[in-house]
Amino acid sequence: IVYKPMVVRPFFGSFVLVFIVALLAPEVARADGQLSARIGFGAGKRFTDTEDEVVFDTSLKSEFLFGPPRHRTFRIGPALEIRTADFWSIEGAAGGSLLVPTGDFALLFTGLVGYAHRKQAPSGAVGVGTLSWGYRGYNYHSIYGWGLHLYASARRSLTGDEVLEFTGGVEIDVMFTTIIPALAVKNMFSSEDPHEK
């Protein structure tokens, strides 16, 4: 009979991993989720094999981050981004974000993978890294916490021709860019007093 210890070790390692996850699961289940969505406006430069050019980007960025139910705390969770550069591309990406508190302000590290369909540059899969800094509120009454950030972003092609972009700008919460203006317009043309509701 030949003894094969390597068969036992992976099983033992898997058992330990499942045990640790089971111990941590209740803590994860009690984590509080906060949603944020912002519209970004920025500019930068695109580098390709044929030519370099200045680009202006517009994006919708959103995260659903989990952490303790309080302000000024680390949070982590999934992230999404929809973006266009010069209105000549449509790009979508998904990944994750880590929120690092720095007082009332916070750093947000985001890593994404997605696809960019471009008319004036090669299309293909892209990897995106973004660092944001700014105000990130915690909402004690709702899952939505608004934010106002400055950002710097780098994206690089993962397939096809080499494309590298560096951009920076500002991210303004959709509450200020879309929802509040839309409610103001609605109230202008409505005969109802909004304070009566």
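Listed values, structure above:
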| read-out | value |
| --- | --- |
| Matching residues in region 133-151 - criterion: being touching a residue at least 12 places away in the same chain (Cβ under 8 Å) and either in contact with a helix residue (DSSP H, G or I) (Cβ under 7 Å, 6 or more places away or on another chain) or among the polar types (S, T, N, Q) (or both) | N139, W146 |
| Candidate set: region 71-115, residues that are within 12 Å of the chain's Cα centre (by Cα) and of a type in the set (V, I, T); chosen: the one nearest to V128 (Cα to Cα) | V113 |
| Count - residues of region 65-82 that are assigned to a strand (DSSP E or B) and without any contact (Cβ under 8 Å) to a residue 40 or more places away in the chain | 8 |
| Members of region 152-165 found to be surrounded by fewer than 16 Cβ atoms within 10 Å (Cβ to Cβ) and either touching a residue at least 60 places away in the same chain (Cβ under 8 Å) or within 21 Å of L107 (Cβ to Cβ) (or both), listed by number | A152, A154, D161, E162, L164 |
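Here, each number is a calculation from the coordinates, and none is a lab measurement. As the structure is a computational prediction, the values presented were derived from the model and not from experiment. FYI the Cβ positions are ideal-geometry reconstructions off the backbone, even for glycines, and counts take in every protein chain you see.
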